[in-house]
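Here is the structure we will look at, set down as structure tokens.
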Amino acid sequence: MPDIWPADLGPVICVVGARPNFMKMAPILRAFSNNQPAIPTLLVHTGQHYDRDMNDKLFEDLQLPHPDINLEVGSGTHAVQTAEVMRRFEPVLDEKKPSCVLVVGDVNSTLACTLVAVKKGIPVVHVEAGLRSYDRAMPEEINRILTDQIADILYTTERSATANLTREGISEERIRFVGNVMIDSLLSNREKARDPQETLRTCGADPQAIASTQGFGVVTMHRPSNVDHPEVLRSLLGVLKEISESLPLVFALHPRTKGNIERFGLSDLIDTPRMIMLPPQGYLEILGLMANARIVLTDSGGLQEETTALGVPCLTMRENTERPITVDQGTNTMVGRDIEAIRSHTRETLAGHGKSGRVPELWDGLAAERIAADLGGWLIARHQSKQSIQ
Ligand code: UD1
């Protein structure tokens, strides 16, 4: 292995677009710069998320460098957003001539950038590959399936993801089980997590609301299937209001959910001092809230894994999960939109019978280092073999 990166081998373009990408990319960039040889990178932000709460605050918390390029695509329908990313990403590849493009997760930006790069003959690396909910109504499932089919190297977080890919006919030499980069971020920031009462105070909420020995629960909810239909949203908010009578609940409200609560006239369902509504939270704030919660109720993909790593019981308000290890080994229980299941599992958890789980294999804080060592070696070997042919 050379001591320095070959001068004629381009940088790795690392793509982020939306909030859940940021905690995955931060440890990767760090590991690339610490690798021997250091792997040069260019950070491209598609601009899918752009609000301070959804974007800048997380960049600061995670100490992510300012993006080298921002495509500023903003919001839109899936077609418009995906197409805009593609249109604006292509000239970046022409100009920067990267050695490969690295994408993470399953958002629209992940698929859009993959499609552009693959068609230009540039290798694509997908981190967090192979997760499957087997629910094609989820836009993320479409993004995952298509990205994995055409990407060159697929790094997985759990063995079931490797098995999914093999079943889809993807050859084993493209797949590497390396662990979970999101847990790298969690472990390296655990000590810096913000005190929950301080978080409430900063947001102008009363910290006393969660001061009792009884503790508090944390809620996040933003999936279109949960928040885009008035009746579904009404029934979920209804049961959460009921739960808040025995345990104060802290909500971190996604802009989509906030907008729909107002649009559907459901504000009265959250109008109680026991349901504390906060704007989308920074990384250190949500980490502090989760780590100190007695229970987390969510429809997020990331929180299912983070609560498993923290050993905090999690009820996932979805019919399926693409992260089955969090159920089989971790603290996660699927409750769907079944109000009675939400009620009874919450009751059991608060009675002390919640899942305690164990931390899955290779969720050890070193996944990004494994990726850096593997990818650096692969790119250099590929480069050398091309040169020897010429
Ligand atoms: C996206 C991801 C989802 C991820 C979520 C985390 C896809 C298909 N979905 O969903 O997997 O869990 O991010 O948040 O890529 N908005 C703002 N400010 C912002 C960004 C968005 O107000 O900075 C509002 C806009 O009204 C926008 C809506 O949120 O239309 C939805 O944003 P979008 O990026 O389309 O999808 P998310 O629901 O955030």
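List of remarks:
- Residue check for L64: open to solvent by less than 70 Å² (accessible area, probe 1.4 Å) and within 16 Å of the ligand (Cβ to nearest atom): yes
- Hits in segment 43-59 (condition: within 14 Å of R256 (Cα to Cα) and more than 6 Å from the ligand (Cβ to nearest atom)): D53
- Residue check for M1: within 11 Å of the ligand (Cβ to nearest atom), among the hydrophobic types (A, V, I, L, M, F, W, C), surrounded by fewer than 20 Cβ atoms within 10 Å (Cβ to Cβ) and touching a residue at least 12 places away in the same chain (Cβ under 8 Å): no
- Pairs, first closer than 15 Å to L186 by Cβ in segment 5-28, second of a type in the set (F, W, Y) and within 16 Å of the ligand (Cβ to nearest atom), C-beta under 7 Å, six or more apart: F22/F59; M23/Y283
- Conditions (1) within 16 Å of the ligand (Cβ to nearest atom); (2) open to solvent by less than 60 Å² (accessible area, probe 1.4 Å); (3) charged (D, E, K, R); (4) out of contact with any strand residue (DSSP E or B) (no Cβ under 7 Å at 6 or more places or on another chain): number failed by E128: (4)
- Residues (within 15 Å of the ligand (Cβ to nearest atom) and of a type in the set (D, E)) located in segment 202-255: D228
- V92 being within 16 Å of the ligand (Cβ to nearest atom), assigned by TED's automatic domain parsing to the domain that holds L29 and either touching a Leu at 6+ places or on another chain (Cβ under 8 Å) or modelled with pLDDT of 95 or more (or both): no
- Condition broken by P279, with the remaining ones in (1) within 12 Å of the ligand (Cβ to nearest atom); (2) closer than 25 Å to D364 by Cβ; (3) not aromatic (F, W, Y) satisfied: (2)
- Residue identified as within 16 Å of the ligand (Cβ to nearest atom), open to solvent by 50 Å² or more (accessible area, probe 1.4 Å) and not assigned by TED's automatic domain parsing to the domain that holds Y283 among R136, R190: R136
- Scanning segment 4-32 for residues being out of contact with any helix residue (DSSP H, G or I) (no Cβ under 6 Å at 6 or more places or on another chain), closer than 14 Å to Q63 by Cα and either open to solvent by 10 Å² or more (accessible area, probe 1.4 Å) or not polar (S, T, N, Q) (or both) gives a total of 3.
The values are calculated or read from the model by the stated rules, or taken from the named source; none is laboratory data. Since the model is a prediction, treat every value here as computed from it, not as a measurement. Here the Cβ is made from the backbone with ideal geometry for all residues, glycine too, and neighbour counts use every protein chain on show. All accessible areas refer to the heavy atoms of the entire protein, side chains included, with ligands and DNA or RNA removed. Shrake-Rupley method; radii C 1.70, N 1.55, O 1.52, S 1.80 Å.
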